Amino acid sequence: MTRHVPPGGLDPLVEAGHEIVSSENDAPYSPDELRDLAPGVDAIISMLTDQITGEILQAGASGLLKVVANAAVGYDNVDVASAHRLGLSVCNTPGVLDQTTADLTFLLILATRRQTSTAEADLRDGTWKGWGFLDHLAHDIHGATLGLVGYGRIGQEVARRAEGFGMTVLHHTRTPTGHPGYVASLLSLIEQSDVLSVHVPLTPETHHLIGPEEFAMFHPTSTLVNTSRGPVIDEDALVDALEAGKLFGAGLDVFDGEPAINPRILTAPRTVLLPHIGSATVETRMNMARLASQGVCAVLAGQTPINIVLG
Ligand code: DGY
């Protein structure tokens with residue numbers, strides 16, 4: 001275990017009789033420590049903040065290591081190709097965090113459209129001098145069009161919530177989904193959307209997927225939300241677009257290079273910023289840890305886990 005998890009999250013491992021090793025104070029292991037520890041363990045349960053490199057996997061494969069279970073649905077931090085080349089299994093935690101992440105996404109959609117962070121800051125710092133008919137005017141959610149970039153499990157949960165709020169929902173993926181609301185062109189989706197919400201994994205193809213060309217298609221009243229991975233958005237292009245008024249606002253839960261934050265993002269206008277808390281509820285983190293543990297147990301028992309990462 002590279003980090004601590006909520007009580008109950010490791011029960012499958014305990015019940016199967018496995019010994020669990022983790023740092024005493026929940027401090028992350030350094031890359032060197034991970035490399036040195038890897039050969040001595042049968043499995044690593046990693047977090048999205050651990051870079052599980054080819055070097056660490058190679059060291060592990062020269063010893064006992066058989067499986068890396070990333071306690072996240074995204075696994076861009078694991079060198080999956082190297083793992084597979086070395087005969088190691090990789091697991092992730094799909095499914096168990098969809099609703100929680102969709103809830104947080106919707107929170108960002110609401111907060112960004114209504115600019116609640118700016119309004120609250122005005123109240124807290126004394127800028128607010130009283131109710132004003134023209135103060136804190138933002139944009140409606142009901143009647144707006146939501147464009148989903150990516151239409152996997154989390155995107156579809158966001159769509160369900162949006163329908164309850166009276167939004168029209170469109171989506172774009174590289175291959176047609178066959179579902180109503182499919183838009184073949186990303187630029188056209190952006191043009192048609194009042195809210196764009198990003199739900200794609202980070203891959204070489206999705207790095208800076210939303211950049212200057214895409215920001216040119218936003219409207220002065222439209223908003224962007226990202227709860228996927230920071231590098232999917234070109235943050236400098238986003239700040240340029242916000243400063244130029246090309247879009248109304250942005251709600252971000254993820255950042256390129258987090259926990260370091262591009263200083264331009266911190267001072268950009270009309271943003272709602274959260275520290276990567278998409279799946280951060282006790283219940284969901286417990287379920288993620290359990291699923292990662294179950295994946296480890298299955299691999300160590302010679303079975304194929306339901307949460308195996310293929311390819
Ligand atoms: C994931 O699972 O990939 C999330 O980013 C964790 O919250």
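The figure for H219 is an accessible area of roughly 60 square angstrom, using a 1.4 Å probe on the protein chains alone.
Which distance in Å, rounded to a whole number, links the C-alpha centroids of region 64-79 and region 216-257? Here the two parts' Cα centres lie 29 Å apart.
Rounded to the nearest 10 degrees, the angle from helix 282-300 to the longest Cα principal axis of the chain is 30 degrees. With 0.36 nm allotted per residue and the present C-alpha distance subtracted, the H4-I277 stretch has 96.7 nm of extension available. The order of E33, E213 by accessible area, most exposed first and with a 1.4 Å probe, is E213, E33.
Would you mind telling me the share, in percent, of accessible area of the chain contributed by carbon and sulfur at probe 1.4 angstrom?
Of all accessible area on the chain, carbon and sulfur atoms account for 55 percent.
Using Cα-Cα distances under 8 Å and only pairs 6 or more residues apart, what relative contact order does the chain have, in percent? Taking the mean separation of contacting Cα pairs over the length of the chain, I get 21 percent. Taking all protein chains as they are arranged and a probe of 1.4 Å, the heavy atoms of K246 leave approximately 100 Å² accessible to solvent. For region 116-269, relative contact order (Cα pairs under 8 Å, six or more residues apart, normalised by length) works out to 17 percent. Please say if region 113-171 is rounded, prolate or oblate, where rounded means a/c under 1.5 for a ≥ b ≥ c the square roots of the C-alpha gyration tensor eigenvalues, and otherwise the choice is prolate for a/b larger than b/c and oblate otherwise? Prolate is the answer for region 113-171, as a/c is 1.5 or above and a/b outweighs b/c. L242 sits among other residues whose Cβ lies under 15 Å from its own Cβ, and their net charge, with Lys and Arg +1 and Asp and Glu -1, is -2. Surface analysis of region 101-198 yields an accessible area of 53 Å² per residue, using protein heavy atoms and a 1.4 Å probe. Could you work out how far helix 98-114 tilts from the main Cα principal axis of the chain, as a 0 to 90 degree angle to the nearest 10? Helix 98-114 sits roughly 20 degrees off the main axis of the chain. Computed from Cα positions, the angle between helix 153-164 and the longest principal axis of the chain comes to roughly 30 degrees.
FRET efficiency for the D140 to H179 pair, using the beta carbon distance and R₀ = 25 Å, is estimated at 0.50.
Starting from the alpha-carbon convex hull of the chain, give the projected area averaged over all orientations, in nm².
17.6
Dividing the helix sum by the residues of the chain, where each DSSP H run of 4 or more adds -39500 (n - 2.57), gives a mean residue ellipticity at 222 nm of -10000 deg cm²/dmol.
P(r) tail for region 116-269, what percent of Cα pairs lie past 18 Å? Write down the numbers at each step before the final one.
Numbers: 7014 of 11781 pairs.
Cα-Cα pairs of region 116-269 separated by over 18 Å account for 60 percent.
The values are calculated or read from the model by the stated rules, or taken from the named source; none is laboratory data. Keep in mind that this is a model prediction, so the values were computed, not measured. When we count neighbours, we look across all protein chains shown, and the Cβ atoms used for this are built from the backbone with ideal geometry, even at glycine. Please note that ligands, DNA and RNA were not included when accessible areas were found on the heavy atoms of the full protein model with its side chains. Shrake-Rupley method; radii C 1.70, N 1.55, O 1.52, S 1.80 Å.
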